[in-house]
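Enquirer: Here it is, the structure in full.
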């Protein structure tokens, strides 16, 4: 199971892994905590409802590219920018984990720099069963430059095949390229260096337990 704070984090951080697992007939479940309605905050008058609807359409487009079945996508309604344990959605998340019984759960890395990413990991750490292995994936780690503090002895990397890499790049584009009426991407304007770093042909993961 991959738990993503916003629509696009699952692809940016784990798109290669998803494509790899799908190829092995082990399609993961993906939980997306928010609708991503904050991506145009302070930008324009596009409604939150329109942004959520659009970003969830992009999720399905990206899922089709990596081969992830629609039924493996689970969308929660935590507020974008306000993910916290003290929310009724936490009960839904726990019920989903209890139902699916994943043997491995992937959460954002502690060095992500965004509250939603850090809180997502903290919530999962508190409610996940002891039997589940916990791993961290990287989205904003590349941008926040926390290299010296990384736990390299518990790191693993996925070296994508050329085909897996192409699939990930196409899925990222499915999120990043579509534009809202204001002319900016539905997913928000992402720093160029951030996008470039996440187009690497490898993905890094760090074991939590």
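The values are calculated or read from the model by the stated rules, or taken from the named source; none is laboratory data. Everything numeric in this text was worked out from a predicted model, so none of it was measured. Don't worry about glycine lacking a Cβ; one is built from the backbone with ideal geometry, like all the others, and counts go over all protein chains shown.
Enquirer: Do we find a residue being at pLDDT below 95, assigned to a helix (DSSP H, G or I) and under 17 Å from residue 195 (Cα atoms) anywhere in the range 144-163?
Expert: Yes, the range 144-163 contains at least one residue that is at pLDDT below 95, assigned to a helix (DSSP H, G or I) and under 17 Å from residue 195 (Cα atoms).
Enquirer: I'd like to verify a number: residues in the range 194-206 that are in a strand (DSSP E or B) and either buried (at least 18 other Cβ atoms within 10 Å of the Cβ) or without any contact (Cβ under 8 Å) to a residue 40 or more places away in the chain (or both), how many?
Expert: 4
Enquirer: Among (1) in contact (Cβ under 8 Å) with a residue 60 or more places away in the chain; (2) assigned to a loop (DSSP other than H, G, I, E, B); (3) within 28 Å of residue 103 (Cα to Cα); (4) out of contact with any strand residue (DSSP E or B) (no Cβ under 8 Å at 6 or more places or on another chain), which single condition is residue 209 missing?
Expert: (4)
Enquirer: Can you list the helices (runs of 4 or more DSSP H) found entirely within the range 1-100 that contain at least 1 residues being under 22 Å from residue 194 (Cα atoms) and at pLDDT 95 or above?
Expert: Here the list reads 9-23, 48-66.
Enquirer: Keeping to the range 112-129, report how many residues are at pLDDT below 95 and at negative phi.
Expert: Counting residues in the range 112-129 that are at pLDDT below 95 and at negative phi gives 2.
Enquirer: Which numbered condition trips up residue 191, out of (1) surrounded by 14 or more Cβ atoms within 10 Å (Cβ to Cβ); (2) touching a helix residue (DSSP H, G or I) at 6+ places or on another chain (Cβ under 8 Å)?
Expert: So the condition that residue 191 fails would be (1).
Enquirer: Is there any pair with a first residue in the range 137-153 that is without any contact (Cβ under 8 Å) to a residue 12 or more places away in the chain and at negative phi and a second that is surrounded by 10 or more Cβ atoms within 10 Å (Cβ to Cβ) and in a helix (DSSP H, G or I) whose Cβ atoms are under 9 Å apart and which are 6 or more apart or on different chains, and what are they?
Expert: Cβ pairs passing all conditions: 147/141.
Enquirer: Mind checking which residues of the range 44-57 are under 16 Å from residue 74 (Cβ atoms) and touching a residue at least 60 places away in the same chain (Cβ under 8 Å)?
Expert: Passing the criteria: only 55.
Enquirer: Look through 11, 83 and report the one residue that is farther than 21 Å from residue 164 by Cβ and surrounded by 23 or more Cβ atoms within 10 Å (Cβ to Cβ).
Expert: 83
Enquirer: Looking at (1) over 22 Å from residue 185 (Cα atoms); (2) buried (at least 18 other Cβ atoms within 10 Å of the Cβ), which is the only condition residue 54 fails?
Expert: Condition not satisfied by residue 54: (1).
Enquirer: Turning to a different aspect of this structure: Does at least one position in the range 175-184 carry a residue that is touching a residue at least 24 places away in the same chain (Cβ under 8 Å), surrounded by 12 or more Cβ atoms within 10 Å (Cβ to Cβ) and under 16 Å from the mean Cα position of the chain (by Cα)?
Expert: Yes, because at least one residue in the range 175-184 is touching a residue at least 24 places away in the same chain (Cβ under 8 Å), surrounded by 12 or more Cβ atoms within 10 Å (Cβ to Cβ) and under 16 Å from the mean Cα position of the chain (by Cα).
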